[in-house]
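Notes for the one structure printed next.
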Amino acid sequence: MGCGHRRSEVRNLLVRHTQQIAGSRALAGHDDVVAVMPPPGRTAQGSRTPLGRAQLRVRWDRISVLCALVAVLVMVIMHAVVVAVRDDPAAVAPKPAPSQTPDQAASPQPQCPPPTTAIIRAAPAAQDEAAAPLRTVALTFDDGPGRSTPAVLDILRQAQVQATFFVVGKKVAAEPEMLRQVHAEGHALGNHTWSHKIPRAGSGWSPATLAREIERTRRAVVDAAGLKPCLFRPPGGIVKGAAKVSRAADLSMILWSVDTRDWAGPPTGKKNFAKVIRKRAATGLAEEHPVILLHDGGGDRAATIAALPGIIEDYRAHGYRFVTLDKMT
């Protein structure tokens, strides 16, 4: 009995020891967190680890592997984006040019022909379907765009007549939309200087001053209508000192053969100024290719507007064809 009792105690001791070892191994095999509690009877102040807080054991090897995997994933994504952009034609297509107005896009600007050496005072010739020569007339309007320009355009549109407008640069800059309308309706444009200052006839133009006036107007017309004028009419018809400067700017110089003097106002005692303008314009019926000087700017042009339908009627009745002056350069 004594030996059996001893054997039983040894067996129980071995079982308890085995259980303690298994428990220790399970605790040691915990990978994330081990909570260390103070021994019984010891206060939290005497403990090396504060009561209720866990001591974390960081597995730096696993964190390093995780960071490496994230870095590889980022590199793979960046490579895929680069390949997609490179292979997509739309992604690498050049940016479109700045948008143009419909009028500019529909009317590409041709280069001006070499300027004429002689001053032009006659309309370009034309032929009919049988190659027979026709009499031609060119209506020209100076000093615009202005408040009378829309009314002039209305009359020309209704009569299906195209004309040539010699524009003042500072007025173009002030009313670019009006200039675009003139160009869009098929009328020719000419340079009439920036400020319309008229020099004294005896001294003529200062080359430097005229060059600046022409260039500023050219830029204004190009900005407004996308068109570089090829024609030049000097204000007041002052040609002294202008020929060399205008040719250097690739401009042909245009004057007129018929001056209606609509710019001067009605003569003394004449109440119907429109009738006077029409009569003066009709003097060109004695010419084969007259160039008529009229104005749509520079003052009150009510009389010019009133006379214009009659002027068109007179020339049509005599078989003239209306032409623009850009056809001759």
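Express the C-alpha Rg of segment 144-298 as a ratio against the empirical globular expectation 2.2 N^0.38 Å, rounded to two decimals.
1.06
With charges set only on the Cβ (+1 for Lys and Arg, -1 for Asp and Glu), what does the dipole of segment 265-321 come to about its Cα centre, in debye to the nearest 20?
The calculated dipole for segment 265-321 is roughly 260 debye.
Assuming 0.36 nm per residue, please report the length gained on full extension of the stretch Arg200 to Lys279 beyond their Cα-Cα distance.
Extra length available between Arg200 and Lys279 comes to 25.5 nm.
Using only the alpha-carbon atoms, what does segment 268-329 span along each of its principal axes? Please give whole angstrom values in decreasing order.
38, 25, 17
Let me check against my output: what whole-number percent is the relative contact order of segment 116-328, with C-alpha pairs under 8 Å and at least 6 apart?
Normalised by residue count, the contact order of segment 116-328 is 33 percent.
Every number in this text was worked out from the coordinates using simple rules, so none of it is lab data. This one's a predicted model, so the numbers in the text were calculated from it and none came from an experiment. No Cβ is skipped: glycine too gets one built from the backbone with ideal geometry, and neighbour counts run over all protein chains shown.
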